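The values are calculated or read from the model by the stated rules, or taken from the named source; none is laboratory data. This structure is a prediction, so every number in the text was calculated from the model and none was measured. When we count neighbours, we look across all protein chains shown, and the Cβ atoms used for this are built from the backbone with ideal geometry, even at glycine.
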Amino acid sequence: MATDRMNENWRQVCDQIQSIWSDAEFNEKEMKKARANLRKMVQLIHDKTGEPKDEIFQKISAII
């Protein structure tokens, strides 16, 4: 039950990330590698978009 909830929450976070950074393409494998690791997620988005890491961190913090 808890695992299902965690997976659903993760899907929601992924959907939000896709929505915010809609110009970038994130494949499932990349997203899974960054799961539960904020630094990896920020780095992934930074690599894809070039957006400053502090701005990415603020946006992600607002959705989690």
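Could you tell me which numbered condition Met41 fails, if it satisfies all but one of (1) of a type in the set (A, V, I, L, M); (2) farther than 15 Å from Ile64 by Cβ; (3) within 12 Å of the chain's Cα centre (by Cα)?
Status for Met41: all satisfied but (2).
Filter the helices (runs of 4 or more DSSP H) completely within the chain down to those with at least 1 residues that are β-branched (Val, Ile, Thr) and at pLDDT 90 or above.
Details: elements: 2-20, 28-34, 38-49, 53-63.
Ranges flagged: 2-20, 38-49, 53-63.
Please go through segment 13-54 and pick out each residue that is polar (S, T, N, Q) and surrounded by 12 or more Cβ atoms within 10 Å (Cβ to Cβ). Break it down stepwise before answering.
Our first condition is that a residue be polar (S, T, N, Q); within segment 13-54, this holds for 16, 18-19, 22, 27, 37, 43, 49.
Within segment 13-54, Gln16, Gln18, Gln43, Thr49 meet the criteria.
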